[in-house]
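Presented below is the structure to which this report refers.
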Amino acid sequence: MKKIHVAMCVVAAMGISAVASDALVEKAKKAGLKPIPESKTELYKLIDNAKNPITDEKIELGKKLYFDPRLSKSGLISCNTCHNLATGGVDGVDAATGHKWTANPHHLNSPTVYNAVFMEKQFWDGRSPDLEDQAQGPIQAAPEMAATKEHVVSVVNSIPDYVKAFKHAYNDPKFKPGFKDVADVIAIFERTLVTPSRYDEYLNGCDKALSKEEKEGLKIFIDKGCTACHTGVGLGGSMQPFPAVGKYKYANVGDFKGDKNGMVKTPTLRNILETRPYFHNGAVWNIEEAIKIMGETQLGVKISDREAKKIKAFFGALTGKKPYVRYPMLPASTDKTPNPNLK
């Protein structure tokens, strides 16, 4: 795995401001906020999957398949189409758009793939328990990649370099990749897409990592009760009722109502300033409006323009360092590779 690194910081000398900052850090931790671990060993305890262990070989293979549009029916759409690593891990449109330029029928927005490993559940309705299971869905979904399992298996097994890479990754000279294996290595790559930020440096002891305004925003964020849902390492990821106490003013955009209990996955706030539009239906493009709506719908509190601006400033500290991902050169198709189908 490529090294995931948080820049070290010399902690400020103890003084009145440092003491106040220490109190804020303790307050944040008591509210359930946790940093991304600086130690690779500790990080792996959070991101690895014992049933699908991370290895360098699986990461590299998963990266190629993540970017390979031939897995889709049309031969045009890859995982990176909706979860673009160059644009915050999202597609930047209100409703995910896939095969035949079809928008998601429920007007659901593409969540970011960055830090998705920290989410308790995957998909807006939480129907997948992990990234391995989630990776199987969009490939087969008609308005997304629109492929069959058979198509994916045929593509991968028709390309000798892919077959060789799977045998090497699984240390088995007789290994023949199936559909689940393709999803599994894509998920392994996604597990490494972690973005440590200045916020993590701050919680890890670097007082100077946040500005005065960002610290004020963090305090307001905690005091308003935002950490009831946006908590933990991922600053989100649990299933919560939405709306909880007030009406969501854009509820008429799409027909999504959550799972059978009306629960919706809480999105991560990491890199939030890079992942607009906001909410499950992508109805809000302005982060300060989104902050005020959350106060009304989820907390039953009014967040003023000034408070929203401060919280936005704090959100800037959540913009993390992206892992370096070099766009892969994909192995060539063969005469056995299925032809693209635009229909």
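Going through the range 254-324, which trypsin sites (Lys or Arg not before Pro) have at most 15 other Cβ atoms within 10 Å and a DSSP loop state? Kindly include the intermediate steps, with their values, before the conclusion.
Numbers: sites: K257, K260, K265, R270, K292, K302, R306, K309, K310, K312, K321; in loops: K257, K260, R270, K302, K321.
Within the range 254-324, the qualifying trypsin sites (Lys or Arg not before Pro) (loop, at most 15 other Cβ atoms within 10 Å) are K257, K260, K302, K321.
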So for the chain, using the alpha carbon gyration tensor with a ≥ b ≥ c as root eigenvalues (a/c under 1.5 gives rounded; past that, a/b versus b/c decides prolate or oblate), I'd call it oblate
Ellipticity estimate at 222 nm from DSSP helix runs (n ≥ 4, -39,500 (n - 2.57)) divided over the chain, nearest 500
-9500 deg cm²/dmol
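Take every DSSP beta bridge whose two residues both sit in the chain, then give the antiparallel share in percent to the nearest 5. All intermediate terms of the calculation are to be shown ahead of the outcome.
Details: 7 of 8 bridges.
Approximately 90 percent, going by the DSSP bridge assignments.
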Just in the range 27-64: which trypsin sites (Lys or Arg not before Pro) are loop by DSSP and have at most 10 other Cβ atoms within 10 Å?
K51
Within the range 39-75, chymotrypsin sites (Phe, Trp or Tyr not before Pro) in DSSP loop having at most 16 other beta-carbon neighbours inside 10 Å
none
Collect residues whose amide H, placed 1.01 Å from N in the peptide plane, falls under 5 Å from the amide H of L33; neighbours closer than 5 in sequence don't count.
G232
Find the centroid of the Cα atoms in the range 210-283 and in the range 310-335, then give the distance between the two in whole Å.
22 Å
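Every number here is computed from the coordinates shown, using simple stated rules; none is lab data. Here the structure is a predicted model, which is why all the values come from computation and not from measurement. No Cβ is skipped: glycine too gets one built from the backbone with ideal geometry, and neighbour counts run over all protein chains shown.
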